[in-house]
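As structure tokens, the structure follows; a few thoughts come after it.
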Amino acid sequence: MNTLRSIIVPVLEQMPLSHLRSQLLPAFSGHSDCFDLIELGFRRLTSRRHAPDVLRQFFQSWSQTNNSAMTVAGISNRLTLLAHQQKPIGDRAALFRALTSLHRIIDEDLAVTQRILHSQLFYTMATGIVGDDDWLSHRYLHPSAKAFKAWKDERSLRDADPMVALLTTLVHEIYTHGEVEFILPLFKRWLEEDYGIASRKAAHILGWISVHCGPTEKNHFFHARDAVGHYADALAVRVEDYDLGDIVAEYLAKKAGVLNALFPDIHAGNALGERALSAA
């Protein structure tokens, strides 16, 4: 059976030799405690039927960790603000190329190249599984998910260095590729066997997951990589001065914290959770 790392690492291996590849490969090849917690969380979610309030908390909290179109749009705003405020930009054409790459990450999300907003697909999925849309209420937002989003927003929208935002997006996109590929068969089996939903209807409900599978998120990752390179050219920034290992470690620890909090693994004990969460 696939694991998150078995999905993510081959994509990283396709990258040409570079600082990004040399940083991302060992970072995503490690952190077994975090990956174990994330995978166990999704397996526990899809192991049986759950009470509606459990599902409401899951979908409200999970949505805060993976819906990033507005964040990417915000990063684009940050880059155009450099020009608007007449900041020194060595290569304006390269800055435009960085923006072009960023926008390709969110074309599908914003229904530019598809017919439906991805936020609507997520609504259809969550509401179809929960049975109502009460999951939209922030009273179901777990503190760990709120903390994850606050950390990611801080890195992407408030850190003084836009390169930090671009590198955080790069990490998010390759992780998300692994997550959607990993969970699709779990969710499909869950809906069909535990909830008795017909295969065609289950496929419709799970449209948000399936539309991100295949080349979608993988291409988003490569667009994010290109945005990093173009921004570096535009502002004469050295990508080699940045440590992506720390970003990956924080990202995975906080994501693991969310899944562990929502579905703690009572069989493996608390040791895994304590080790991963200590890094959050």
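The values are calculated or read from the model by the stated rules, or taken from the named source; none is laboratory data. The structure presented is a predicted model; accordingly, all values stated were derived computationally and were not measured. With ideal geometry, Cβ positions are generated from the backbone for all residues, glycine too; neighbour counts draw on all protein chains shown. Remember, those area values only see protein heavy atoms, side chains included, never the ligands or the DNA or RNA. Shrake-Rupley method; radii C 1.70, N 1.55, O 1.52, S 1.80 Å.
Count of lysine pairs in the chain with Cα atoms under 12 Å apart, counting only pairs 8 or more residues apart in sequence or on different chains?
Pairs that pass both the separation and distance tests number 7.
Could you work out how far helix 162-189 tilts from the main Cα principal axis of the chain, as a 0 to 90 degree angle to the nearest 10?
Helix 162-189 sits roughly 20 degrees off the main axis of the chain.
For the ranges 92-99, 47-54, what's the packing order if you count other beta-carbon atoms within 10 Å of each residue, average per peptide, and put the highest first?
Packing proxy ranking, top to bottom: 92-99, 47-54.
Once you have a ≥ b ≥ c as the square roots of the Cα gyration tensor eigenvalues for the chain, tell me rounded if a/c is under 1.5, and otherwise prolate or oblate according to whether a/b is larger than b/c.
Prolate shape, in that a/c is at least 1.5 and a/b is the bigger ratio.
Compute the FRET efficiency between ASP161 and HIS103 as 1/(1 + (r/R0)^6), taking r as their Cβ-Cβ distance and R0 = 25 Å, and round to the nearest 0.05.
Efficiency, rounded to the nearest 0.05: 0.75.
May I ask which residue of TYR242, PHE58, ALA165 lies farthest towards the positive end of the charge dipole of the chain, with charges of +1 (Lys, Arg) and -1 (Asp, Glu) on Cβ and the Cα centre as origin?
So the residue we want is PHE58.
May I ask for the angle, rounded to the nearest 10°, between helix 19-29 and the longest principal axis of the chain, with both axes built from Cα atoms and the value confined to 0 to 90°?
Here the helix axis deviates by roughly 20 degrees.
Averaged per residue, what accessible surface does the chain expose to a 1.4 Å probe, in Å²?
45 Å²
So how much slack lies between CYS213 and HIS84, counting 0.36 nm per residue of separation and subtracting their Cα-Cα distance, in nm?
Extending this stretch completely gives an extra 42.8 nm.
Compute the long axis of helix 215-235 from its Cα atoms, compare it with the longest principal axis of the Cα atoms of the chain, and write down the angle in degrees, 0 to 90, nearest 10.
30 degrees
Counting residues in segment 140-205 as N, plug N into 2.2 N^0.38 Å and put the Cα Rg over that result.
For segment 140-205, the normalised Cα radius of gyration comes out at 1.57.
Evaluate the distance, in nm, between pseudo-label points positioned 7 Å from the Cα of ALA147 and of GLU193 along their respective Cα→Cβ axes.
Label-label distance for ALA147 and GLU193, simple model: 3.4 nm.
For segment 47-120, which whole-number percentage of the solvent-accessible area (1.4 Å probe, protein heavy atoms only) is attributable to carbon and sulfur atoms?
Carbon with sulfur: 53 percent of the solvent-accessible area.
Ignoring any ligand, DNA or RNA, what whole percent of the accessible area of segment 121-220 comes from carbon and sulfur when the probe is 1.4 angstrom?
Answer for segment 121-220: carbon and sulfur cover 54 percent of the accessible area.
Based solely on its DSSP helices, what 222 nm [θ] is calculated for the chain when runs of n ≥ 4 H residues each add -39,500 (n - 2.57) and the sum is averaged over all residues, nearest 500 deg cm²/dmol?
Theoretical 222 nm ellipticity from helices: -22000 deg cm²/dmol.
Once the Cβ-Cβ distance between SER137 and SER6 is put in as r, and R0 is 35 Å, what FRET efficiency do you end up with, to the nearest 0.05?
Working from the Cβ atoms, E equals 0.45.
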